[in-house]
Amino acid sequence: MEPTETGTGKAAPAAPSPAPALKPGRGRRRAEDVRRAALAATSALLFDAGVKGVTFEKVAARAGVSKMTLYRWWSTPGRLVFEAYFSALEEALAFPDTGDVRADLTAQLHSFVGLFQRGGATIAQIIGAAQSDPDLIEALSDQYVRPRRQLAVDRLAAARAAGQIRADADLDAIVDQLWGACYHRLLLPVLPQHPVDTAFADALIANLFRGVAT
């Protein structure tokens, strides 16, 4: 399958090499192995056919697991899709704390836009699918949006306590200014010359610190 274009104007990654399906056997297989096989199969299907192409039947067949096992761990295919994709993003979405808030925001935002450049199309699909899938939007909110937002707010709060940003700075608004602007460009691409890249991230941070730096 050829890479697809992302909202950043760059190609998304080709489908990952699928993990081998588990072989049936008489012994009880470790839950960790079954879960890993299911997530790997889901990721492969996601890149092959998009969000709508992932079903429990296809994942079960590809991973060599039972549908009942999938139902026990994930209430809907949407939740499985979400976990399969975002479980691989923990490192990219980690928030550093070196004591220098501007450096930390820059490092995290560079990593974030790099994620968009590699897999923006898939992220946009997941966000789009969530708008009509209550279970998926709940998973997206509970497992990704709120926790990731809180990481950013906590880091900004530490910087505010250290006197690096103004005491009256609206931390939630800062999150929206930085990460919200990136999502805006991903989901509503304006012009090819306006990609979501590190130059855009640097411009956002520069504009921000003209207003909040002490």
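Lys and Arg at +1, Asp and Glu at -1: add these up for the other residues within a Cβ distance under 14 Å of Lys58 and post the number. Neighbour charge sum, excluding Lys58 itself: +1. Relative to the current alpha-carbon distance between Ala157 and Asp202, full extension at 0.36 nm per residue lengthens the span by 14.1 nm. FRET efficiency for the Arg149 to Arg102 pair, using the beta carbon distance and R₀ = 25 Å, is estimated at 0.80.
Annotation: per residue accessible area for the range 86-214 equals 50 Å², rounded to a whole number [probe 1.4 Å, protein chains only].
Using the Cβ-Cβ distance between Met68 and Ala173 with R0 set to 30 Å, the FRET efficiency from 1/(1 + (r/R0)^6) comes to roughly 0.05. Of the solvent-accessible surface of the range 47-191, computed with a 1.4 Å probe over protein heavy atoms with every protein chain present, carbon and sulfur atoms account for 55 percent. Stretching Phe209 away from Glu32 to a fully extended chain increases their span by 59.2 nm, per 0.36 nm per residue minus the current alpha-carbon distance. Around the amide H of Ile165, modelled in the peptide plane, lie the amide H atoms of Arg160, all under 5 Å away and 5 or more residues distant in sequence or on another chain. Scalar couplings 3J(HN,Hα) for the range 176-182, obtained by applying the Karplus form with A = 6.51, B = -1.76, C = 1.60 to θ = phi - 60°, are 5, 4, 8, 6, x, 5, 5 Hz; x denotes Gly and Pro.
Under 12 Å from the Cβ of Cys182, count the other residues' Cβ atoms, weight Lys and Arg +1, Asp and Glu -1, and hand me the total. Once positives and negatives cancel, what remains is -1.
The values are calculated or read from the model by the stated rules, or taken from the named source; none is laboratory data. This structure is a prediction, so every number in the text was calculated from the model and none was measured. All Cβ positions, glycine included, derive from the backbone under ideal geometry; neighbour counts span all protein chains shown. Remember, those area values only see protein heavy atoms, side chains included, never the ligands or the DNA or RNA. Shrake-Rupley method; radii C 1.70, N 1.55, O 1.52, S 1.80 Å.
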